[in-house]
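Report on the following structure.
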Amino acid sequence: MKVLVVNCGSSSLKYQLIDSKSESVLASGLCERIGIDGVLNHTPAGHDKIVMTDPLPDHQTAISKVLAALTDKEYGVIASLDQIEAVGHRLVHGGEKFASSVVITDEVIAEVEKCSDLAPLHNPATLIGVRACQAIMPGVPMVGVFDTAFHQTMPPKAYLYGVPHEYYEKYKVRRYGFHGTSHKFVSQRLHELAGLDSSDSRVIICHLGNGASITAVRNGQSVDTSMGLTPLEGLMMGTRSGSLDPGIIEYIAHKENLTLEEVMRVLNKESGVLGLSGVSSDFRDLIEARKHGNKHAADAVEAFCYRVAKKIGSYVAALNGVDAIAFTAGIGENSAPVRKMVCEYLGYLGVTLLEANNELRGKEVRISTASSKVAVYVIPTNEELAIARDTAALVKR
Ligand code: AMP
């Protein structure tokens, strides 16, 4: 089955056409600057990227251009649109309503709209993509895959905040967690690679990208994760502060004469390793600047790794031990210095790294020695493939 995977943002749309049987990517691409001017980068598998600059006034036009590119005589990969049998959409917030992927119906759309209060930047944008596809591909089944779904197995002791209970009852203020599609995909692969029995296993997944989160997985289920009501909680990230003393918000608002919204913008867009270093949100730049003696860049990298190690430690306590740990996403897959710095804190777990850690880039491999008491792996995440798998499974039923 050929599945179109769509990941829609407010002015962007990423896509992959995946053959769910062979699990190969037939084409991938990205529409940017939707509603501004418009750029479509389309890459048929095994060929160079084609850049098209036709206007993209809205998401419906973007989808129609993507479909035209996929069926184009010269650089298309399918003969006709009938070959697309299903569309899988990445949806962000499913609240407490969605604990797994679902076939998208009018009722599902209404429920996702209800969750929009919890993700005002993300949910409306993803629904625009759903509606655009429905308008252009009527009758093609669509599936929604939520970032929050995997974490719905967290127990109340992990998801409740220490605030009046009525906030949970009235407004559903609780921890939800994100990156669920990635944490689930990588934890399943980690079980396979480390030969773990998912009826009795304890693993920790470190998804370290521009957004970063860590999940404790017990017997294949998420039991705790570092992001919360929003993706701002937890680790320090590229531009997000991660967890901090909530008192800072009022203090900074007074000192800098900022509104609540302005402080939240600073915490989301101007903080994290970018804010701390004043250099970049990108770890390639930070590691380089640290090498050249930039003190702020060094502090940012060290603070990031320290927090990752502390979070792993807290999850070892929550799980009462750990069998295996995986690193994934942009930094986790590619940055050997970050993995090394984090694992240096894990000596108490008997973790020792192989030299191979230093050479590796984005490959699936064990990086701990055979004698290491806890197995440590690098496992590239593949959220698009995970979405295509769920979509094919639900549509075939
Ligand atoms: P993601 O959000 O998973 O796409 O990760 C993006 C982030 O990964 C970038 O902002 C960089 O900080 C980091 N990254 C990507 N490639 C490398 C690399 N080769 N070395 C270090 N960090 C990298």
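The values are calculated or read from the model by the stated rules, or taken from the named source; none is laboratory data. Keep in mind it's a predicted model, so treat the numbers as computed, not measured. Backbone-built Cβ (ideal geometry, glycine too); neighbour counts: all protein chains shown.
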Next item on the list: List every residue pair whose Cβ atoms lie under 7 Å apart, where the two residues are 6 or more positions apart in sequence or sit on different chains, the first residue falls within the stretch 206-220 and is more than 17 Å from S243 (Cβ to Cβ), and the second residue, located anywhere, is assigned to a strand (DSSP E or B) and within 14 Å of the ligand (Cβ to nearest atom).
Entry: V217/I205
Check: Among the residues of the stretch 369-389, how many are more than 27 Å from A317 (Cα to Cα) and either buried (at least 22 other Cβ atoms within 10 Å of the Cβ) or within 16 Å of the ligand (Cβ to nearest atom) (or both)?
Finding: 7
Next item on the list: Take H165 and decide whether it is surrounded by fewer than 19 Cβ atoms within 10 Å (Cβ to Cβ), modelled with pLDDT of 95 or more and not aromatic (F, W, Y).
Entry: yes
Note to self: Here's a check for you: in the stretch 255-279, which residue that is under 18 Å from G242 (Cα atoms) and either surrounded by fewer than 17 Cβ atoms within 10 Å (Cβ to Cβ) or in contact (Cβ under 8 Å) with a residue 60 or more places away in the chain (or both) is farthest from the ligand (Cβ to nearest atom)?
What the structure shows: L260
Note to self: Here is a list: I34, I63. Which entry is assigned to a loop (DSSP other than H, G, I, E, B) and within 14 Å of V6 (Cβ to Cβ)?
What the structure shows: I34
Notebook entry, point to check: Looking at G129, G144, G139, which one is under 22 Å from S101 (Cβ atoms) and part of a helix (DSSP H, G or I)?
Noted result: G129
Note to self: Taking the condition of being surrounded by 24 or more Cβ atoms within 10 Å (Cβ to Cβ) and either modelled with pLDDT under 95 or part of a loop (DSSP other than H, G, I, E, B) (or both), how many residues in the stretch 168-218 meet it?
What the structure shows: 4
Next item on the list: Scan the stretch 219-248 residue by residue and report those that are touching a helix residue (DSSP H, G or I) at 6+ places or on another chain (Cβ under 8 Å) and not in a loop (DSSP other than H, G, I, E, B).
Entry: Q221, S222, V223, D224, T225
Next item on the list: Go through the stretch 66-91 and give me each residue that's part of a loop (DSSP other than H, G, I, E, B) and hydroxyl-bearing (S, T, Y).
Entry: Y75, S80
Note to self: Scan the stretch 361-368 and tell me whether some residue there is within 12 Å of the ligand (Cβ to nearest atom), surrounded by fewer than 16 Cβ atoms within 10 Å (Cβ to Cβ) and within 25 Å of F150 (Cβ to Cβ).
What the structure shows: yes
Notebook entry, point to check: If you check L319, L286, which single one turns out to be more than 17 Å from C206 (Cα to Cα) and either hydrophobic (A, V, I, L, M, F, W, C) or at pLDDT below 95 (or both)?
Noted result: L286
Next item on the list: State all residues of the stretch 345-397 that are part of a helix (DSSP H, G or I), touching a residue at least 24 places away in the same chain (Cβ under 8 Å), closer than 26 Å to Y306 by Cβ and not hydrophobic (A, V, I, L, M, F, W, C); if no residue qualifies, say none.
Entry: Y345
Next item on the list: Output the residues belonging to the stretch 16-40 that are at negative phi and either loosely packed, with under 15 Cβ neighbours inside 10 Å or out of contact with any helix residue (DSSP H, G or I) (no Cβ under 7 Å at 6 or more places or on another chain) (or both).
Entry: D19, K21, S22, S24, V25, L26, S28, L30, E32, I36, D37, V39
Item checked: Failed condition for G247, given (1) touching a residue at least 40 places away in the same chain (Cβ under 8 Å); (2) surrounded by fewer than 22 Cβ atoms within 10 Å (Cβ to Cβ); (3) closer than 19 Å to V173 by Cβ -> (1)
Check: Any idea how many residues of the stretch 78-109 are closer than 17 Å to Q134 by Cα and crowded, with 19+ Cβ neighbours inside 10 Å?
Finding: 10
Margin query: Being of a type in the set (A, V, I, L, M), at pLDDT 90 or above and surrounded by fewer than 17 Cβ atoms within 10 Å (Cβ to Cβ) is the filter here; which residues of the stretch 110-135 pass it?
Written below: A110, A135
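Going by what's in this entry, would V217 be described as more than 16 Å from F178 (Cα to Cα) and either within 12 Å of the ligand (Cβ to nearest atom) or not small (G, A, S) (or both)?
Details: more than 16 Å from F178 (Cα to Cα): no; either within 12 Å of the ligand (Cβ to nearest atom) or not small (G, A, S) (or both): yes.
Considered against the rule, which asks whether it is more than 16 Å from F178 (Cα to Cα) and either within 12 Å of the ligand (Cβ to nearest atom) or not small (G, A, S) (or both), V217 comes out as no.
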Next item on the list: Report the residue count in the stretch 280-292 for those that are assigned to a loop (DSSP other than H, G, I, E, B) and within 14 Å of the ligand (Cβ to nearest atom).
Entry: 3
Next item on the list: Please determine, by comparing only the residues of the stretch 308-343 that are surrounded by fewer than 24 Cβ atoms within 10 Å (Cβ to Cβ), more than 10 Å from the ligand (Cβ to nearest atom) and assigned to a loop (DSSP other than H, G, I, E, B), which one is nearest to the chain's Cα centre (by Cα).
Entry: D323
Next item on the list: Answer with yes or no whether Y251 is over 24 Å from the mean Cα position of the chain (by Cα), in a helix (DSSP H, G or I) and among the aromatic types (F, W, Y).
Entry: yes
Next item on the list: Answer yes if at least one residue in the stretch 199-214 is away from the ligand (no atom under 16 Å from the Cβ) and hydrophobic (A, V, I, L, M, F, W, C), and no otherwise.
Entry: yes
